[in-house]
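Bear in mind these aren't lab numbers, they're just calculated from the coordinates by the rules spelled out. Just so we're clear, the structure is a prediction, and the values are computed from it rather than from any experiment. Note: ideal-geometry Cβ built from the backbone for every residue, glycine included; neighbour counts use all protein chains shown.
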Amino acid sequence: MIDKGIIEASNDEREAGLRADYDALAEQLDRRGIDIAGIKDKIAGFGIAIPSWGVGTGGTRFARFPGPGEPRGVFDKLDDCGVIHRLTAATPRVSLHIPWDEADPADLRAKAEETGLGFDAMNSNTFSDQPGQALSYKFGSLSHVDAAVRAQAVEHNLHCIALGREIGSRALTVWVGDGSNFPGQTHLARQFDRYLDATKEIYAGLPGDWRLLTEHKMYEPAFYSTVVQDWGTNYLIAQELGERAQCLVDLGHHAPNVNIEMIVARLARFGKLGGFHFNDSKYGDDDLDTGAIDPYRLFLVFNELVEADGPGFEPMHMLDQSHNVTDPIESLMVSATEVQRAYAQALLVDRAALAGFQEGNDALMATTTLKRAFRTDVEPILAMARLEAGAAIDPVAAFRASGYRAQVAEQRPAVAGGSGGIV
Ligand SMILES: [Mn+2]
């Protein structure tokens, strides 16, 4: 854990400057008819979940270069997630991935209490085989031609729900690697039918206050077709399963240049937007840090979320990234902040003016209205929300000053092997 004194010392150096910047921004926003405190309160109440696998160093299919002090298991991961939340006050929940994070629920609850965290959606894994597993997922899981393999995959998902219930989770995210690598390898229609039948069995085992989120992905690991290929397929699944089935949008799981904000608007409009996996990409499912490549796209997504906000609209927000060359704790802190930044900027959009320009077919002023919000430097709002929550004005600076990574490197021997799947 990070010592309180470290955070206070780091903040002492920066607080006067922050207050001056915050007051200047407050005055600027006031002239635009915006109350800065209202924006800050919304940011303070906005949490982003950390995936347990995110705190380990990621890798590519070529290599993985482990960093020092990598977590050895779920309890180390929760320690690292606790540090991220301690310094940012932005990441109150952790999303577990089974079987990697399998543990006694009482121990998980105790560790969560110790680290000040809760649990977000449970993630199942039927895209790789585990030691001792009876049947292989090489040719699929929930859509496999063999009913026994499908049953095994259903059983695993039901187990994830059972564990999740014990630790206070309220959602199951299902992503499958099922698909095909060659034209003709599978019967596309029958394979989807099998997937639907199996997933309906999981849905039937869902507690009344839970949601089932299905995640689409255009390609990989199957390279010709995937069973849950795109948002249209995902929407069909959510429709077929029922009210508590919703679509999960991973920003990296689309073809380049696809208009993701429009997908978000569509799903939200029909009550099927379940949540997000945030990351950024340049070419494919690059799993780069959120906002690293195209922060304007992230802003446009949040613009749709603010537009759709209302009673019962509760999409879940999680980071899903692969940190190959950075310290995962630092990347996750910066990324959580980028999500908050996009949200704050979207809250600044003058919606009445925008609606007027849209109705009047004034394309130039409509897009300028969005740009004006996007151009506003909201960092003082984010930093002030952190300061008031007892977190760090500059989380990365405080983290580096803490020496946390060097400390855990002494306790945790280097890990050479692979890490949990990132999807
Ligand atoms: Mn994902």
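For the range 301-362, the spread of Cα positions along the three principal axes, ordered from largest to smallest, is 48, 28, 15 Å. Here Lys111 is the anchor, and the lysines within straight C-alpha reach of less than 23 Å, apart from those fewer than 8 places off in the same chain, are Lys4, Lys77. The fraction of all Cα pairs in the chain landing in successive 20 Å bins from 0 to the largest distance is 26, 57, 17, 0, given as whole percents.
Per residue, what volume in Å³ does the Cα convex hull of the range 319-416 take up?
On the way: hull volume 13.2 nm³, N = 98.
Hull volume normalised by residue count: 135 Å³.
Taking amide H positions as modeled 1.01 Å from N, with prolines and chain starts lacking one, the residues under 5 Å from Gly179 and 5 or more places away or on another chain are Val227. Each principal axis of the Cα cloud of the range 253-312 was taken in turn, and the coordinate range along them, longest first, works out to 35, 18, 16 Å.
As a check on your grasp of the helix formula, calculate [θ] at 222 nm for the chain: sum -39500 (n - 2.57) over DSSP H runs of n ≥ 4, divide by the residue count, round to the nearest 500. Write down the numbers at each step before the final one.
On the way: 15 runs with 204 residues, N = 423.
Theoretical 222 nm ellipticity from helices: -15500 deg cm²/dmol.
Using θ = phi - 60° in the Karplus curve 6.51 cos²θ - 1.76 cosθ + 1.60, the 3J(HN,Hα) couplings for the range 273-278 round to 8, x, x, 10, 10, 8 Hz; x is entered for Gly and Pro. Counted by Cβ distance under 12 Å from Ile43, the other residues give a net charge of +1, where Lys and Arg count +1 and Asp and Glu count -1.
Near Val94, the amide H atoms lying under 5 Å from its own belong to Ile50, Gly118, Phe119, Asp120; only residues 5 or more places off or on other chains count, and H is placed 1.01 Å from N.
Based on alpha-carbon atoms only, what is the radius of gyration of the range 55-131 relative to the globular estimate 2.2 N^0.38 Å? The partial results should precede the final answer.
Working: Rg = 13.5 Å, N = 77, 2.2 N^0.38 = 11.5 Å.
That ratio works out to 1.17.
Compactness of the range 120-186, taken as the C-alpha radius of gyration over 2.2 N^0.38 Å, stands at 1.21. Considering all projection directions equally, how large on average is the shadow of the alpha-carbon convex hull of the range 1-107, in square nanometres? Mean projected area of the Cα convex hull: 10.5 nm².
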